[in-house]
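The values are calculated or read from the model by the stated rules, or taken from the named source; none is laboratory data. In this text the structure is predicted, and so the values were computed from the model without any measurement. Virtual Cβ from ideal backbone geometry, glycine too; neighbours counted across all protein chains shown. Calculation scope for accessible area: heavy atoms of the full protein, side chains included, ligands and nucleic acids excluded. Shrake-Rupley method; radii C 1.70, N 1.55, O 1.52, S 1.80 Å.
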Amino acid sequence: YQLMKTYLIALFCGLLFPLGFAPFNIWPLTILSLSLILHLINKTSVKGAFLVGWIYGIGLWGLGISWVYVSIYYHGNQGLVSSFIITFVFVSLLSLYTGLAAYLFKKLKTNNEYLDYLIFFPVIWVSIEVLRSYLFTGFPWLIVGTSLAGTSIGGWIPILGSYGVSILMLMISGSLVLMFKKELKTNWYPALIIMIILVSSFTLYKINWTKEITTIQASIYQPNLTLEEKWSSKGVRQTMALVKDSVLNADEGEFIFFPETALIFDKEEMQPWFSDLEGQASQRNISLISGIFAKDPENPGSIERYNRIQGFGATKGYYDKIHLVPFGEFIPLKDYIGKILDIMGINQFNILQGEAYSPLISNKLSISASICYEIAFNELVRKTAKSSNLLVTISNDTWFGASIGPEQHLEIAQSRALEHQKSLIRATNSGISAIIDRKGKIVQRQDFFEKKELKGEISIYEGNTPFSIIGNYLIYGYIILMYMYLFQLKRTNVLNIN
């Protein structure tokens, strides 16, 4: 009975975790969730810690990425039961990370509660976040620090990035456990630590690391086509008409944004139409920036395409998506897995991987571009963001309906804007398109399945935040040093016992 009670509490704690993220935005619940699971792990044996952490992960990921089920069931041609099974398997695999974090903490913890809760638990948790962000192409979703994007206590994000703020939030969680365990009158250090972190975060939020150099007029178009409509001849005609009208109705010098793969044909396949469009845009110094599929110039007969964001008119250049989604955009170990998919009757369509991180250039500014899932990788975005004036991310979140997935995706974009303190444009097919300011605040947004134009004046900035310059290397160095210190402590204790 006691064991079952522990598992149920762990599951409940896990369900609290995603409530700190969009669309719920109750960030103290994420901190509380981590405090509760830390307290629970502390009362568990080393052998039991992994299972407690894994069950905690079932709650965390079961609610946190419930949007995966929407994609599989409604767009993956799977039944109710098979969609649930596939989703549960994915959730179970992700829960291995939280299980590993719980096991490592219990295995490596020392006899010093202050070091364990304030230093080692945050370091172990965040090192697992980093591992999850890179292993098997990476899944940097629900990073603890991201929950502070768009809040007035996100002041450390432009300095330490999302991973660094994760460490600070976990230090608050550890401090709460210490306050619960000890008499506050004689143990006021944890309360002081919480106060220092919150006050410094609020104070640093007021600092402007970048300066405004100009403004631009921008319009975001959300076509709001279903996946079936998008790939139909009728949908193609509708999109082409919308793109043409957007240029005709634009003011001189305006920037126009369309979402990921808004244009599903290669530029060469629609050359007369594009030539006419670019001529009209160039005459009035209009920049059209859109997602488009592009052929491989070295193999034009292939069905494989680049997932590209390209500038037309006054903005030149393009960026081909580099970080592809496994099974969604490419088949890992295609020579082996592809044969199995053929037997199952599943169509394969590989996206070609881009080769270079390149900004889009206009006569006014340099634009850092990312496509869909790439916005979750802060080091990838940093490659061009540190030398750009504006961040742009395009996506097609239609796969996930009106679930919490697009809300979380938008929140991640808010983190990138705040990390670099530059305005960010997010253009999507069916929601949520938005204009985000340099503080990570949403200035304007289009809700799910709205077909309308989002128009606004965008501030353009120059300069860099500390994170733009240093990236995650400061946090990586801190994690390595703390692990070295921890292993030295464990080694010294073993020698003393012997």
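A few points about this structure:
- When residues of region 13-61 are limited to those that are open to solvent by 10 Å² or more (accessible area, probe 1.4 Å) and among the aromatic types (Phe, Trp, Tyr), the one nearest to ALA149 (Cα to Cα): TRP27
- Per this entry, ILE207 is counted among residues that are part of a loop (DSSP other than H, G, I, E, B), open to solvent by 10 Å² or more (accessible area, probe 1.4 Å) and either more than 30 Å from LEU324 (Cβ to Cβ) or in contact (Cβ under 8 Å) with a residue 24 or more places away in the chain (or both).
- Of the residues making up region 260-283, those that are touching a residue at least 40 places away in the same chain (Cβ under 8 Å) and either over 15 Å from GLY311 (Cβ atoms) or of a type in the set (D, E, K, R) (or both) are GLU260, THR261, LYS267.
- Filtering ALA218, ALA250, ALA281 for residues that are touching a Leu at 6+ places or on another chain (Cβ under 9 Å), modelled with pLDDT of 90 or more, assigned to a loop (DSSP other than H, G, I, E, B) and among the hydrophobic types (A, V, I, L, M, F, W, C) leaves a single hit, ALA250.
- Among the residues of region 143-175, just one is on the phi > 0 side of the Ramachandran plot and open to solvent by less than 10 Å² (accessible area, probe 1.4 Å), namely GLY161.
- Residue under evaluation SER201, criteria (1) in contact with a Leu (Cβ under 9 Å, 6 or more places away or on another chain); (2) at pLDDT 95 or above; (3) not in a helix (DSSP H, G or I), criterion not met: (3)
- Here CYS372 meets the list (1) open to solvent by 10 Å² or more (accessible area, probe 1.4 Å); (2) at pLDDT 90 or above; (3) more than 29 Å from ASN285 (Cα to Cα) almost entirely, failing just condition (3).
- Number of positions in region 398-440 that are at pLDDT 95 or above and more than 16 Å from the chain's Cα centre (by Cα): 7
- Total residues in region 18-36, condition within 20 Å of MET179 (Cβ to Cβ) and either in contact with a Leu (Cβ under 9 Å, 6 or more places away or on another chain) or not in a helix (DSSP H, G or I) (or both): 10
- Screening ILE351, ILE289 for residues that are at pLDDT 90 or above, under 29 Å from LEU424 (Cβ atoms) and either of a type in the set (A, V, I, L, M, F, W, C) or exposed (fewer than 15 other Cβ atoms within 10 Å of the Cβ) (or both) leaves exactly one candidate, ILE289.
- Test: residue in region 264-272 that is part of a strand (DSSP E or B) and surrounded by 13 or more Cβ atoms within 10 Å (Cβ to Cβ): no
- Cross-chain or 6+ apart pairs with Cβ under 7 Å, region 284-302 first and touching a residue at least 12 places away in the same chain (Cβ under 8 Å) and over 21 Å from LEU391 (Cα atoms), then of a type outside the set (A, V, I, L, M, F, W, C) and open to solvent by 60 Å² or more (accessible area, probe 1.4 Å): ARG284/GLU252; LYS295/GLU268
- Check on LEU225, out of contact with any Leu (no Cβ under 9 Å at 6 or more places or on another chain), in a loop (DSSP other than H, G, I, E, B), of a type in the set (A, V, I, L, M) and over 25 Å from LEU100 (Cβ atoms): yes
- Total residues in region 435-461, condition open to solvent by less than 10 Å² (accessible area, probe 1.4 Å) and within 25 Å of SER133 (Cα to Cα): 2
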